[in-house]
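The values are calculated or read from the model by the stated rules, or taken from the named source; none is laboratory data. It should be emphasised that the depicted structure is a prediction, and the values quoted were computed from it without experimental measurement. Positions of Cβ are backbone-derived with ideal geometry, glycine not excepted, and every protein chain shown enters the neighbour counts.
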């Protein structure tokens, strides 16, 4: 049987069997279903998960989280679940399978034992995914992109073609690009609501027969489907996979090393932080000091899939009226899983206290009032890969301890915005992107999506060199571009830190 996944099971009612079996139906079962549906409707997932657990052979903390996830999924999809009818009961060895239909014509089936303990939901056993035990540590090279994010290659369903995945400690579940899912014939088996940094979205859920990452073979892996082309990756590896291994992230040599357990790591780094797993995400406590002198301490997600240095919680910002206190600040934006484009601001804080102290740290200030950045579990925000990559890491999910040491990126300067506009590349072309209100560029009539032909005579196929120019202070830059009337024009600018 596959691991925990909710599917809609269509069945045929057999009236004679129902009539016979209903006489033997233990009232305890109905009581349990009543309580189950009532608590799902009231979102009391911790309250009800235990009675899937008493005697299930696979039950542990992973199993409990899986049960809670499926209950959340049912509650999201089915809404009001207080009225139902039992349509069929069949004997399964020493257990009973109970079929029922709700008043809004949704179908369910459960397997109970004599004590009323749930063992299956909709034909799927309550088991966890299958992960290979490593004979020796598995070493996997990775790439560190210009946007600070990590990608690496893996194989889906023993395909001959490699797929490029983002390494994301801030993702609770694996994500597959919709085109990749179609090309690999991955069938949609459910839907689920997922909360991202900036909001919620309904996703199709698929089951992958196998993923091969170096020497690691994962079977019966659950993932969600989304369009990932905007992130230039085929998929995202989340903590549902990572937490089954000890993960070493060696930024100096750009490689992962995966271990079965921490005892296999011969040389542990001397630095150490403790974290919790909250809703599948690694969370630790840090402090920040604003330019105003205000000081805040709280929880952050350790998120290697977030490219900025730090994203401050929108809840913290709104509750303390902080937006007006960040000066100067610039308009910016980003693409996210749950939004096609999200407007936000970039500014700087005086100090960030993590394992070490960092000063004048650029931060992102979201404008959203929904999503993970509104969640009190992450009261301070998200720690991005711009900070994370300054250390080599060994993450032991079982003990919830991360070991770390400074690496060659530790003293690398932060990237500050040096112009009143940003640039973007799209379809092998380069464009002006966000133009700051009341800037010289806006007054000159330059608009977002004006195509850039060259920068200091560098052609657009030399994008990495162009991006580097904008990172240098006091750099004179001459931009050749086309306006909305197809006129060729030029714009001269001198770079300077806009957050001072």
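Rundown of residues vs (1) in the same structural domain as residue 325 (by TED's automatic domain parsing); (2) modelled with pLDDT of 95 or more, yes/no style:
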residue	(1), (2)
362	yes, no
368	yes, no
379	yes, no
392	yes, yes
402	yes, yes
442	no, no
447	no, no
454	no, no
457	no, no
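Looking at the stretch 155-171, which of the residues that are buried (at least 20 other Cβ atoms within 10 Å of the Cβ) and in a loop (DSSP other than H, G, I, E, B) is nearest to the chain's Cα centre (by Cα)?
My answer is 171.
Among the residues of the stretch 411-428, those that are out of contact with any strand residue (DSSP E or B) (no Cβ under 6 Å at 6 or more places or on another chain) and without any contact (Cβ under 8 Å) to a residue 40 or more places away in the chain comprise 411, 412, 413, 425, 426, 427, 428.
With respect to the conditions (1) out of contact with any helix residue (DSSP H, G or I) (no Cβ under 6 Å at 6 or more places or on another chain); (2) at pLDDT 85 or above; (3) in a loop (DSSP other than H, G, I, E, B), residue 339 lacks only one, and its number is (2). Could you tell me whether the stretch 407-414 includes any residue that is assigned to a loop (DSSP other than H, G, I, E, B) and at positive phi? There is no residue in the stretch 407-414 that is assigned to a loop (DSSP other than H, G, I, E, B) and at positive phi. You will find that of 387, 466, 472, the residue that is in contact with a strand residue (DSSP E or B) (Cβ under 6 Å, 6 or more places away or on another chain) and touching a residue at least 12 places away in the same chain (Cβ under 8 Å) is 466 and no other.
Report, by residue number, each residue of the stretch 441-463 that is touching a strand residue (DSSP E or B) at 6+ places or on another chain (Cβ under 6 Å), part of a helix (DSSP H, G or I) and closer than 25 Å to residue 343 by Cβ. Within the stretch 441-463, 441, 442, 463 qualify.
Please tell me if residue 398 is in contact (Cβ under 8 Å) with a residue 24 or more places away in the chain and in the same structural domain as residue 488 (by TED's automatic domain parsing). No, not satisfied. Of all the listed residues (323, 316, 330), the sole one being modelled with pLDDT under 95, in contact with a strand residue (DSSP E or B) (Cβ under 6 Å, 6 or more places away or on another chain) and outside the structural domain of residue 202 (by TED's automatic domain parsing) is 330.
Restricting to the stretch 415-426, name every residue that is surrounded by 17 or more Cβ atoms within 10 Å (Cβ to Cβ) and assigned to a loop (DSSP other than H, G, I, E, B). Full working, then the answer.
So in the stretch 415-426, the residues surrounded by 17 or more Cβ atoms within 10 Å (Cβ to Cβ) come out as 416-423.
416, 417, 418, 419, 420 - these are the residues of the stretch 415-426 that are surrounded by 17 or more Cβ atoms within 10 Å (Cβ to Cβ) and assigned to a loop (DSSP other than H, G, I, E, B).
Against the conditions (1) surrounded by 14 or more Cβ atoms within 10 Å (Cβ to Cβ); (2) within 33 Å of the chain's Cα centre (by Cα); (3) more than 30 Å from residue 359 (Cα to Cα), residue 429 satisfies every one except (1).
Residues in the stretch 374-413 that are buried (at least 18 other Cβ atoms within 10 Å of the Cβ) and in contact with a helix residue (DSSP H, G or I) (Cβ under 8 Å, 6 or more places away or on another chain): 374, 375, 378, 380, 381, 382, 394, 395, 396, 397. None of 438, 486 is in a loop (DSSP other than H, G, I, E, B) and more than 30 Å from residue 413 (Cβ to Cβ) except 486.
Residue-wise test of (1) touching a residue at least 60 places away in the same chain (Cβ under 8 Å); (2) surrounded by fewer than 21 Cβ atoms within 10 Å (Cβ to Cβ); (3) at positive phi; (4) not in a strand (DSSP E or B).
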position: 288; (1), (2), (3), (4): yes, no, no, no
position: 307; (1), (2), (3), (4): yes, yes, no, yes
position: 311; (1), (2), (3), (4): yes, no, no, no
position: 321; (1), (2), (3), (4): no, yes, yes, yes
position: 324; (1), (2), (3), (4): no, yes, no, yes
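Somewhere in the stretch 483-492, is a residue in contact with a strand residue (DSSP E or B) (Cβ under 6 Å, 6 or more places away or on another chain), on the phi > 0 side of the Ramachandran plot and free of Cβ contacts under 8 Å to residues at least 40 places away in the same chain? No, because not a single residue in the stretch 483-492 is in contact with a strand residue (DSSP E or B) (Cβ under 6 Å, 6 or more places away or on another chain), on the phi > 0 side of the Ramachandran plot and free of Cβ contacts under 8 Å to residues at least 40 places away in the same chain.
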